[in-house]
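Down below is the structure, laid out as structure tokens.
The values are calculated or read from the model by the stated rules, or taken from the named source; none is laboratory data. Just so you know, these numbers come straight off a predicted model, no measurement behind them. Here the Cβ positions follow ideal geometry from the backbone for every residue, glycine too, while neighbour counts run over all protein chains shown.
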Amino acid sequence: MKIGHLVESLDPHGVTAALVDLAAAGPPAGIELVVVALAPSGDPAVAAGLDRAAATSVELNVAPWDPRAVRKVVEAFRAQGVDLVHTHGARADVVGAAAAARLRTPAVSTLHHIHDQPADRADRLRRTAKTLARKRFMTRTIATSALQRDWYHRVAGSTTGLSVIPDGAADPGVGTPEEAGRLRRGLGVDEHEVVAVSVAPMRRGQGQDMLLDAIAEIPEDEPLTVVLGGDGPLRPWLESRVSADDALSGRVAFRRRSDPVALLRAADLQLHTTRHDTMPRVLVLGQGTGTPAVATRVGGIPEIVTRDTGALTPVTSSRIADDLLRMVRDPELRARRGAAARTRFLDRFEAAGWAGRLADVYRSALGHSDAPAAAELDTPEPLHAGRV
């Protein structure tokens, strides 16, 4: 099956990073990917990754509300001979549904966000209309979490035509003592130091400010070093705050250009203290490296991190500090949760399994005789659906 994925751009920090992993895992499941981006990204990383996985990528230059968008997408997909269109994102949903209709192919859409707090009644009506249109024009909708399923049910009234399939990831593998040693030498700490890593993007709502508040509560004699990896608009402010505080500057290091997976493989703990999130990919990757997590109990995070694989904390710095300190002081707990995290990743999130579940959806939408019936792919209704 040749599946045409329509995305906004080949942004390495967006959904297309996961599509690179899907392209590599797809062939054994009978899937070949064609990824069409509505707008150029200016970053060649995703296109290069798709090329290595023998997938095709096409970058269009379609401005928002360009009336030629549907025609250009139809031409791109027709040239590649796609069998089904799979859309990701608001604009891609609209353009992709119209393109699939012209191509006379089924259309599948993945929900990547939810809008649970509309600004006013008009906004609520617009979002409800979009969801009902999705239900009408898409052969199937995929939610990546039960949280999204429940939101969809509240808006659409049922989960008919909806499957819950979490995004997967290629197996990052567990870290080695050599990797851990290199990170510690780079930080100037000894082998007994517990190294905790946060690789969340440094932007509003991701909670690094709250994490710094929690770290400030940890006693100075605890063997803990925290690494903030990655980048974002808040990085200069975070660096300034750390440098101005002696307690933080002695314990917190920044690694802007480090590979987040390499950091996770070398770490003892992963920290993800966001104020809101749906299904953060970095937590999935952390589980793949066998790294236990301390994460806030928000959004879809409890569908990734469980009590067996890490600590789920309320969104308060004091509770984050308490759970972090417990993990620092208990190496056996870290080891047990790390092993459970690795097992959970392989069972639930590894890319081959993800590709297989998507292949069932595609084969069903295309009417293959050996495919599951559509009703078999529907997710169960929420537990208390009648009370919504």
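Of everything in segment 362-380 that's part of a loop (DSSP other than H, G, I, E, B) and farther than 18 Å from Glu32 by Cα, which residue is nearest to the chain's Cα centre (by Cα)?
Only one residue tops the list, namely Thr379.
Out of the residues in segment 230-275 that are acidic (Asp, Glu) and closer than 13 Å to Ile215 by Cα, state the one that is modelled with the lowest pLDDT.
Residue satisfying both the conditions and the ranking: Asp246.
Test each condition in (1) at pLDDT below 95; (2) surrounded by 20 or more Cβ atoms within 10 Å (Cβ to Cβ); (3) not β-branched (Val, Ile, Thr) for Ala122 and report the one that comes out false.
Ala122 satisfies every listed condition except (2).
Given Glu59, Glu8, which one is in contact (Cβ under 8 Å) with a residue 40 or more places away in the chain, of a type in the set (D, E, K, R) and in contact with a Ser or Thr (Cβ under 8 Å, 6 or more places away or on another chain)?
From the options Glu59, Glu8, the qualifying one is Glu59.
Only one residue in Val34, Val73 is modelled with pLDDT of 95 or more, under 29 Å from Glu350 (Cα atoms), outside the structural domain of Gly230 (by TED's automatic domain parsing) and not polar (S, T, N, Q), so which one is that?
Val34
Taking segment 277-316, which residues are buried (at least 21 other Cβ atoms within 10 Å of the Cβ), closer than 12 Å to Arg342 by Cα and not hydrophobic (A, V, I, L, M, F, W, C)?
Gly286, Gln287, Gly288, Thr289, Gly290, Thr291, Pro292, Thr309, Gly310
Taking segment 39-61 as the region of interest, how many residues are within 21 Å of the chain's Cα centre (by Cα) and assigned to a strand (DSSP E or B)?
Residues in segment 39-61 being within 21 Å of the chain's Cα centre (by Cα) and assigned to a strand (DSSP E or B): 1 in total.
Identify, please: which residue in segment 1-28 is among the small types (Gly, Ala, Ser) and within 14 Å of Glu350 (Cα to Cα) and is, among those, surrounded by the most Cβ atoms within 10 Å (Cβ to Cβ)?
Per the stated criteria, the residue is Ala23.
Only one of these is out of contact with any Gly (no Cβ under 8 Å at 6 or more places or on another chain) and outside any helix (DSSP H, G or I): Val174, Val189. Name it.
Val189
Among the candidates Leu346, Leu366, Leu333, single out the residue that is more than 23 Å from Thr159 (Cα to Cα), touching a residue at least 60 places away in the same chain (Cβ under 8 Å) and not aromatic (Phe, Trp, Tyr).
None of the other options fit; the residue is Leu346.
If we keep just the residues of segment 324-348 that are out of contact with any Leu (no Cβ under 9 Å at 6 or more places or on another chain) and among the hydrophobic types (A, V, I, L, M, F, W, C), which is surrounded by the most Cβ atoms within 10 Å (Cβ to Cβ)?
The selected residue is Ala341.
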